1. Can you order the peptides 71-77, 194-200 by their average number of other Cβ atoms within 10 Å per residue, highest first?
2. Beta carbons within 10 angstrom, averaged per residue: use that to sort the peptides 179-192, 111-124, 93-106, highest first.
Amino acid sequence: MKNSILSILAFTAIVACKKSDTTNTESLTDTSTVTAPADTGAMTNDSTAVSNDTETQTTLSDQDKKFADATAKGGMMEVMAGQLTATNSTNEKVKAFGEMMVKDHTKANDELKSWAAKVGYQLPIGLDAEKQKAYDDLKVKKGVDFDRKYADMMVNDHKTTIADFKKQAADGTEASLKSFAEKTIPALEHHLMESEKTKAAVK
């Protein structure tokens with residue numbers, strides 16, 4: 001009699017376990033079914049974002065890209081060279097000019113980076129070989145030698161930069177980049193004037 005009762009209880013327990021397993025399996029199946037469409041939707045949105053970035057990049061002309069790259073590298077050079085005046089120069093006028101370069105070109109660099117982020121364009125993140133060599137040559141000079149080389153570099157660089165910005169303002173195709181070039185020209189012309197004064201002061 002006792003054996004019969006134990007057999008019944010054991011059978012009941014096995015049935016209950018099977019039902020529990022079936023319920024858990026169904027629950028897992030339902031969960032995976034719900035999450036799959038969500039993942040698919042996220043991938044679709046990412047693909048759209050990438051597509052939009054690609055389309056934005058294709059709207060830039062060769063002139064736009066050339067200008068953006070040159071301006072990014074030139075801006076980095078102006079800031080790096082300006083920072084050297086604090087340690088390598090002994091002339092207060094040179095140091096003041098260097099501080100102005102760091103401040104003004106950092107601001108312009110940030111504006112260019114903001115533009116690049118909006119249109120999905122990758123700017124250079126370092127100097128090219130030519131500018132790196134010019135910076136390295138300047139870095140080892142001290143005192144009057146530094147002041148003269150730095151001032152001469154700033155005059156030449158700003159003449160070239162102003163010509164580049166005027167070309168972009170005239171021939172560029174991307175509206176916001178053209179606007180950036182146009183509004184920055186007066187500041188660059190002021191820099192050229194001040195660099196020429198600095199050069200005259202350290203002859």
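Every number in this text was worked out from the coordinates using simple rules, so none of it is lab data. All values reported here derive from a predicted model rather than from experimental measurement. With ideal geometry, Cβ positions are generated from the backbone for all residues, glycine too; neighbour counts draw on all protein chains shown.
1. So the order, starting with the most tightly packed, is 71-77, 194-200.
2. By packing density, highest mean first, the sequence is 93-106, 179-192, 111-124.
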